[in-house]
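Only one structure is covered here, and it is reproduced in the block below.
The values are calculated or read from the model by the stated rules, or taken from the named source; none is laboratory data. Note that this is a predicted model, so its numbers are computed, not measured. With ideal geometry, Cβ positions are generated from the backbone for all residues, glycine too; neighbour counts draw on all protein chains shown. Areas reflect the complete protein model, heavy atoms only, side chains present, ligands, DNA and RNA absent. Shrake-Rupley method; radii C 1.70, N 1.55, O 1.52, S 1.80 Å.
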Amino acid sequence: MSEKVGVYICHCGTNIAKTVDVEEVALWAGEQDHVDVAREYKFMCSSLGQELIEEDIKEKGLTKIVVASCSPHMHEKTFRTACVRGGLNPFMFEMANIREHDSWTTDDREAATLKAKALTKAAIERVIHNQPLEPLPVEINPNTLVVGGGIAGISAALELAEAGNHVYLVEREPSIGGHMAQLDKTFPTLDCSACILTPKMVDVGQHPNITLLTYSEVEAVGGYLGNFDVTVRKKARYVDEEHCTGCGICIEKCPYKVVDNVFEAGLGARKVIYRPFPQAVPKYPVIDTENCVYFQRGKCKACQIFCPTDPNSIDFEQQDEILQIVVGNIILATGFDLFDVSQIPQYGYGRLANVFTSLEFERMVNASGPTDGKIVLRDLETPPESVVIIHCVGSRDENYHKYCSKVCCMYSLKFAHLIHERLPEAEVYNCYIDMRTPGKGYEEFYNRLLEEGTHFIRGKVAEVSDVARIEEEEGKLIVQVADTLISKQRRIPVDMVILSPAMEARNDSQEVSQLFRMGCDFDGFFVERHPKLDPVATMTEGIYIAGACQGPKDVPDTVSQGAAAAARVASFISRGTVMMEPIRASINQELCSGCRICNTMCPYNAIVFHEDSNVSEVITALCQGCGTCVAACPSGIITGAHFTNDQLLAQIEGILWDVRSNLDLVPVE
Amino acid sequence: MTENAKPKLAMYWASSCGGCEISILNIHEKILIVDEVFDIAFFPCIADFKTKDVKGYPDGYIDVCLFNGAIRNSENEEMAHLLRQKSKVLVAYGSCSYEGCIPALSNLTTKQATLDTVFLDNPTIDNPEGILPQPRYEVPEGELELPVFYNTVKSLDQVVDVDYYLPGCPPEPPQIWAVLEIVVAALLEGAPLPPKGAIVGARDVAVCEECPLEKHEKTINRFYRPYEIIPEPGLCLLEQGLVCVGPATRAGCGALCPQVGMSCRGCYGPLDDVEDQGAKMLSAIASVIGVGDPSMEEDELEREIQAVVDTIPDPAGTFYRFSMAHSLLRRANLNGGNGKGEAK
């Protein structure tokens, strides 16, 4: 059958037309074999541009369509839909990317025009071989897995559960709540963090649609959008959740205390059987076996002896449980780590007692924290008379993280405010590089602090030391800083220094991204599908991200992302089935010789080997069309739909259209 | 047809080892049937014919010409054109004429490098004056002429139109006989011939289909050359680290080699949907290398993989042993630094 190809070259305003001679490419395209019509248009993605395609299909009987414009990520769907409206199968369309791959990469008009021709020629040659394909319906399992029980995960889980969908919320720590549970006040409204968070935590704990799996981790993820098989390890708490009432007597009676490096940031202690904090959800305690005398030396059992429930809720024999759950979608809300400030030795953390991290200070000012809210030095008695708060510790710093952590200016201002409030006589300094307070009510909060008498010093702190040069500095911490507004070096002697460290990606974000088969950027943050238009989706269908695992953000942004991810998932659930791209591999059963090379290839375990007939088969429903087996099959009998040998080789021939004629590839002599 | 009405058979060797001629005789007593059915019109290996005899035939005089050997020099090419002209059916017989085979491995280098090796550099050569073969040479008796040695070895179908391909190095007797039967039936009884361009005397599945060795899922930690291990009997050789090209090779031979512990070399060529046998097998081999784990740093993983790859000493010769001329690249770049010698 002779094909009639329509070719449409897009100007994209000036995005393409300023470097590519669009008219020339269209004229040239019109002369190529099989091309029936070639046009150029200002914006092919506009409804007028799409109508051009539709009308040409109907009037000229086009059988194949090529649009040379932007990345298929942007508008492949748009143009496929236009083809469908014109009466063509959507796969009779091919897109040539002459923007991201061409006009945006150079100012050389001649070279860009030549490349636009090569890319267009490749698409024309390929599209001739394109075959009609029908989308595959995939049923969406209505259950959702949310990984991470911080405010992002809580928001997402509640949104979905409220809409009537079942959610598995998996949290690594013994309680949900995340970083927000550790904070005292939230900027700029100074709401009590716990007061606004704990009701949500309780809702999660009590919600009939939420299965809460705390002290649990995802170990394996199989399957695909609509049907993920997830393996969760529920670590042994050594407390029987069925019978424990959460009375706390075991905690009270436990004779051993250890430093709490997680929730109290090392500033306070906890028992060996413990709840991270009083409002923990769930209420069941957990035994820290590394420090438990019974687990280490076989003696004590105080918790079991004093447990008032019948049967006894302390179970030293409890084992980790492996749970298998099936979900349709997954939301990752795994949060962030704080930059380890001891990496910047000149700030003295760990060496100079009265240098604190922001998290230590949060716990200190928290009324339920280790000092009952009193701001004191490391001796836990003396209130400081002067405090320096250092911004951008590890952020906006070429040696550590180049990015701005977004929240540090605001919480540093909050710290200054809290110090003024609790210690009105104290002098408070904020050393900042730039003051970044975009957000509702944020700039107003900054102005309020200016009026409260905080000293603002614009400059990066060089070092914090305890080496006095003059009498006033004796016994103080001296903060050396270049005050760039007055162009002077300053030495500020103070009692206390608070470091505001960068928010960074979780230290295991790389492994997590591999586990869920999605991307992670150089800083370790998870990569969204589109930075502006699709910030909570990932490149993997059915996997969403929310909160600080995607990049530094504050509570309101995190909550919004949690809800946004939930909305994306909810739309899939309410549709029940989705049409998946029919780009799948298939093995010709007649020709398979059973060599079994492909058997270990499939990342989705979609290939089965039939011992009886000695052939391998791809289970279409499991196949994600990655093409690994297609490349591996030495007999060439696995076909990747829409990526066949014919199509790819034609595309290569097309892209080399002007090279072949100039080269004698097979010289006679 | 001619005076005695028997169909005319020709067999010619271009750049080849002679094994294909022997393979015809390897059909044993059936050769008598061949003699009975056919009139030999040209077969330099077994009967005294001269090129001028062939030139004297009318066009299409020969019913079937089995052409073996690659196109290596000007004489090969001239004979290919001549026999095409004089034959009704031209069969590319054997791996050399089908896809280049061993001679085409010299496409990895240049004509000059080949001549230097053979006539100058080889330690057993005594050629103090550095004399190289010349296409023309004056002697008192007149001018002598030698065929021109080409830079690039080609398959038969890269110089003339080919009707059928009969793969193998050499083709196996049952397959040769099967093809001859089809031809005889067509000539004598008017039975239909296969479609033009067909690969005859072979199957459309891979050698593994005929190979009785037990196959499992594959992960390979290193490769072995045949002398390095004695393979476990009954088990897939590839799984044991011997580079067996069987999965990428057309069946029809009966998997003779792997059954005696020698991995398949790939002489029957690629399957229908494979463009480039070597690349396909390389891709398959790369897919089953099973070292490292996801926790490794990229460069560490790369080193581990490279160490496995390094256990294959001659990848081009291993994976393109038979198919260099027919491969996507066909030869090493003459203008770059890839060939051993300088471009001509």
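For the reader, a short list of remarks on this structure follows.
- Gain on full stretching of the segment that runs from A:LYS58 to A:ASP310 - 0.36 nm per residue minus C-alpha separation: 82.9 nm
- Cut-off under 5 Å, modelled amide H: who pairs with A:MET580 long-range: A:LEU136, A:VAL138
- Accessible solvent surface per residue of the range A:585-641, calculated while the other protein chains remain in place, 1.4 angstrom probe, Å²: 39 Å²
- A:ARG506 accessible area, 1.4 Å probe, all protein chains in place, Å² to nearest 10: 70 Å²
- Ranking A:MET601, B:MET79 by solvent-accessible area of protein heavy atoms (1.4 Å probe, all protein chains present), from largest to smallest, gives A:MET601, B:MET79.
- When the helices of chain B are scored as -39500 (n - 2.57) per DSSP H run of n ≥ 4 and the total is divided over every residue, the value at 222 nm lands at -7500 deg cm²/dmol.
- Gyration tensor (alpha-carbon) shape descriptor, the range B:207-313, a/c threshold 1.5: prolate
- The residues of the range A:1-140 expose on average 45 square angstrom of accessible surface per residue, using a 1.4 Å probe on protein heavy atoms.
- Carbon plus sulfur fraction of accessible area for chain B, probe 1.4 Å, in percent: 54 percent
- Computed [θ] at 222 nm, helices only, for chain A once each DSSP H run of length n ≥ 4 contributes -39500 (n - 2.57): -8000 deg cm²/dmol
- Local electrostatic count at A:GLY475 - Lys and Arg +1, Asp and Glu -1, tallied over other residues with Cβ under 15 Å: -4
- Computed over chain A: relative contact order in percent, which uses C-alpha pairs under 8 Å that are six or more apart: 13 percent
- Probe 1.4 Å, protein heavy atoms only - accessible area per residue of chain B in square angstrom: 49 Å²
- A straight Cα-to-Cα reach below 15 Å connects B:LYS88 with the aspartates and glutamates B:ASP39, B:ASP59, B:ASP63, B:ASP161, B:ASP163, residues fewer than 8 places away in its own chain not being considered.
- Kirkwood's formula applied to the C-alpha pairs of the protein assembly as shown gives a hydrodynamic radius of 35.1 angstrom.
- If R0 is 45 Å, the Cβ-Cβ spacing of A:THR245 and A:ASN614 corresponds to a FRET efficiency of close to 0.15.
- Protein heavy-atom surface of the range A:1-78, 1.4 angstrom probe: 49% of the accessible area is carbon and sulfur, with nucleic acids and ligands not counted.
- Residue-count net charge about A:ASN209 - beta-carbon cut-off 13 Å; Lys, Arg +1, Asp, Glu -1: -3
- When B and A come together, around 2500 square angstrom of accessible surface is lost from both chains combined, probe 1.4 Å.
- Only protein heavy atoms count here; on that basis, with a 1.4 Å probe, A:VAL461 has an accessible area of about 10 Å².
- Once all protein chains are placed together, A:LYS299 keeps about 150 Å² accessible to a 1.4 angstrom probe.
- Within the same chain, lysines fewer than 8 places from A:LYS301 are excluded, and of the rest, those with a Cα less than 16 Å from its Cα are A:LYS253, A:LYS257, A:LYS271.
- Sequence of A:VAL527, A:VAL259, A:VAL327 when ordered by accessible area, the most exposed leading, probe 1.4 angstrom: A:VAL259, A:VAL527, A:VAL327
- Across B:LYS6/B:LYS50; A:LYS235/A:LYS406; A:LYS77/A:LYS440; A:LYS77/A:LYS406; A:LYS4/A:LYS115, pairs whose alpha-carbon gap is larger than 25 Å: A:LYS235/A:LYS406; A:LYS77/A:LYS440; A:LYS77/A:LYS406
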